[in-house]
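One structure is given below, encoded as structure tokens.
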Amino acid sequence: MRTHDSATAPDAIAVTGPGARTAGASGPSTPAPGSRAAASQAPGSGSRAAVAGSRTAAPRVSDSGPDSRATVSRAPAPDSRRRGTLLAGLGVVAFSLTFPSTVWGLESFGPWSLVAVRSTLAALLAGVFLLAGRVPLPERRHWAGLAVVAGGVVIGFPLLTSLALQTSTTSHAAVVVGLLPLTTAAFAALRTGRRPSRTFWIAAVSGAVVVLGFTLAESGGALSTGDLYLFGALLVCAAGYTEGGRLAGLMPGWQVIGWALVLCLPLMVAASAVALSLEPVRLNAHGVIGLVWVAAGSTFFGLYVWYRGMAAIGIPKASQLQLAQPLLTLVWSVTLLGETLSPAAPVAAVAVLVCIAVTQRSKS
């Protein structure tokens, strides 16, 4: 049974042959007397069948070709949506530690070395899991999408933010991260052809404004020299998240990031050798911990649960959970980096949570 892209696929019923049974049914489905049934079928395509007079949710049946057997999957249940929200939320928590961990990592490594080594370690970890699970190579049609994920999430975002954090504080960098959900939703709308509702956009823009205003106030409203890096990181990360979310509906999320990492491995090994020979290395506890977290926590675990969550609840709604990421980053900055948090933080946190609740309930 092939998992559907729940972030992009329409709710349709495709019937692959006569007499196909629905999941959970004890026998062939027979319309009740007086009810009307209509069905259309085309080999290898998603056909729609509608049964009038029934108010129960119909299961989804799909096929991969004219000669394949009918397979059945139900529309996402509330438990599935809650699980997807939890997974995406865990990804946000992992991502919120990325900037403080990067600051720690920069105590021991240069920006190019840190990115190259973290990607190499994460790719080796992903390779071990892929080999242990005897996961077959992705289909050729998925490689272009994996390259977008690799370029945006594995290389582009870590490199650009590492360069930016040499001159910008974590709170200032969080300004751009606060805009990432809105950018991701826009990329998803362009990529999938779907348009979130007006309520969704109002709540999303409101949340972005709250985060932007809060983080600008925290940093004094001054622009840093790393802003161009941060805006570039925003764009490439949104593209990577969108394409990764689409692929996570076609294969398990951990395989999406796993193959994207493995795709980068030869380049990252070479980059590590060059960067380590050119940039000084001053190992300390903070530097090692920061490297380990950005490699295993942010790059592998965080993206694994993030893509699974997006596949379950959809790209736009999952992206809105990231509205909480800048505030979490500020909390970690206080705890790990000793920065001072203003009294406005709890107020901003409540406002952001309200926006997230609205986007989660609105139709997309």
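The values are calculated or read from the model by the stated rules, or taken from the named source; none is laboratory data. Predicted model, so just to flag it, every value in this text is computed and none were measured. Positions of Cβ are backbone-derived with ideal geometry, glycine not excepted, and every protein chain shown enters the neighbour counts. For accessibility, only protein heavy atoms count, side chains too; no ligands or nucleic acids. Shrake-Rupley method; radii C 1.70, N 1.55, O 1.52, S 1.80 Å.
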Practice task
Express the carbon and sulfur contribution to the solvent-accessible surface of segment 227-271 as a percent, rounded to the nearest whole number, probe 1.4 angstrom.
Solution key: 82
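DSSP loop (so not H, G, I, E, B), at most 13 other Cβ within 10 Å: list which trypsin sites (Lys or Arg not before Pro) in segment 237-322 pass both filters.
On the way: sites: Arg246, Arg282, Arg308, Lys317; in loops: Arg282.
Within segment 237-322, the qualifying trypsin sites (Lys or Arg not before Pro) (loop, at most 13 other Cβ atoms within 10 Å) are Arg282.
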Handout entry: Whether segment 265-364 is rounded, prolate or oblate, judged on the alpha carbon gyration tensor where a/c under 1.5 counts as rounded
Key = oblate
Handout entry: Furthest towards positive pole of dipole, Pro196, Val153, Leu121, structure part segment 106-203, Cβ charges
Key = Pro196
Exercise for the section: Step through the residues of segment 305-320 one at a time and calculate ³J(HN,Hα) from phi using the Karplus curve (6.51 cos²θ - 1.76 cosθ + 1.60, θ = phi - 60°), rounding each to whole Hz and writing x for Gly and Pro. Expected result: 6, 5, 5, 5, x, 4, 5, 7, 10, x, 5, x, 5, 5, 5, 5
Fill in the blank from the handout: Residue separation between Leu190 and Arg82 times 0.36 nm, minus their alpha-carbon distance, gives in nm 36.3 nm
Practice task
May I ask you to derive the FRET efficiency for Glu107 and Leu228 from their Cβ-Cβ distance with R0 = 25 Å, giving the value to the nearest 0.05?
Solution key: 0.55
Exercise for the section: Return one whole number: the accessible area per residue of segment 314-364 in Å², for a 1.4 Å probe. Expected result: 46
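Can you pull the percent of segment 102-200's accessible area that's carbon plus sulfur, 1.4 Å probe, other chains left in place?
Numbers: 2720 of 4140 Å².
Of all accessible area on segment 102-200, carbon and sulfur atoms account for 66 percent.
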Practice task
Tally up the carbon and sulfur contribution to the accessible surface of segment 324-364 as a whole percent, 1.4 Å probe, everything protein left in place.
Solution key: 72
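Keeping all protein chains in place, calculate the accessible area per residue for segment 101-255 (probe 1.4 angstrom), answer in Å². Before the final figure, lay out the partial values.
Numbers: 6260 Å² over 155 residues.
Roughly 40 Å² per residue, with all protein chains present.
If r is the Cβ-Cβ distance from Leu124 to Arg198 and R0 is 35 Å, what FRET efficiency results, to the nearest 0.05? Intermediate values should be presented prior to the final figure.
Details: r = 46 Å, r/R0 = 1.31.
Using R0 = 35 Å, I get an efficiency of 0.15.
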